[in-house]
Each structure stands twice: as structure tokens, then as C-alpha cells.
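*Asks:* I have a structure I would like to understand better, so I am pasting it below and will then ask my questions one at a time.
The values are calculated or read from the model by the stated rules, or taken from the named source; none is laboratory data. It should be emphasised that the depicted structure is a prediction, and the values quoted were computed from it without experimental measurement. Reconstructed Cβ throughout: ideal geometry from the backbone, glycine too, with neighbour counts over all protein chains shown.
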Amino acid sequence: MPHMLKKLTGAPIDAVKVQLEADAETHAKDSMYLEHVWQDATDPSVVWFLFRINDLEHAKALTARTHAEARAKDPNVKLPETIFLADV
């Protein structure tokens with residue numbers, strides 16, 4: 001099962017959790033299921049979160065599209081870094 005790991009810097013973990021909960025239904029429609037949220041032990045301003053995904057290519061395209069839309073609205077928007085993980 002592929003996964004998508006996201007790293008967001010500069011957002012409080014509580015705010016990230018609230019946003020992820022609010023977006024859970026939308027994420028599920030896109031076959032993205034939140035599995036875990038962590039606060040970086042070395043740098044508390046960093047939040048990591050992991051999604052189980054069904055379709056790696058769909059998740060890549062969706063991420064590219066949503067990030068492009070967000071940057072079009074606000075070129076300075078803080079977006080998470082994304083790492084796509086595949087089973088081997």
C-alpha cells in the first residue's frame with residue numbers, strides 16, 4: 001500500500017490536527033486516509049503527517065494541482081513538502 005508523508009513547517013500541531021480533521025471527508029473522497037500525525041522532536045515547529053493512499057499517481061497529480069492552485073491564490077502560501085512512498 002503506498003503512502004504519502006507530508007512535512008509542514010511553521011504551523012502549530014494543534015492547528016494542523018484541526019485542519020486535517022476538517023479535511024478528512026474530502027481526503028477520503030480522494031482515497032487518502034490519515035494514519036498518523038507527529039511533532040518533530042528536534043524542531044517543534046515541524047509537523048509530519050502520514051496518509052495511506054490507494055493510487056500513487058492520483059495522489060501525485062492531486063498534490064501538484066492543489067499546490068498550484070494554492071500558489072496561484074497566494075504565492076507565499078506555506079505548503080507541506082511531500083514524499084511519496086511505494087511498497088517494494
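*Asks:* Within the range 52-85, can you find the residues that are of a type outside the set (A, V, I, L, M) and part of a helix (DSSP H, G or I)?
*Replies:* Here is the first cut: in the range 52-85, the residues of a type outside the set (A, V, I, L, M) are 52, 54-55, 57-58, 60, 63, 65-67, 69, 71, 73-76, 78, 80-82, 84.
Across the range 52-85, the qualifying residues are Glu57, His58, Lys60, Thr63, Arg65, Thr66, His67, Glu69, Arg71, Lys73.
*Asks:* Something else now. Please list, ordered by first then second residue, the pairs with beta carbon atoms under 8 Å, 6 or more apart or interchain, first in the range 22-37 and farther than 18 Å from Glu57 by Cβ, second among the charged types (D, E, K, R) and not in a strand (DSSP E or B).
*Replies:* Val37/Lys17
*Asks:* Which pairs have Cβ atoms under 7 Å, sit 6 or more apart or on different chains, and link a residue in the range 62-75 that is under 16 Å from His27 (Cα atoms) to one that is modelled with pLDDT of 95 or more and of a type in the set (Ser, Thr, Tyr)?
*Replies:* Close Cβ pairs satisfying both conditions: Thr63/Thr82.
*Asks:* Next up: Please count how many residues of the range 29-53 are basic (Lys, Arg) and either crowded, with 17+ Cβ neighbours inside 10 Å or within 14 Å of Thr82 (Cβ to Cβ) (or both).
*Replies:* So the answer is 0.
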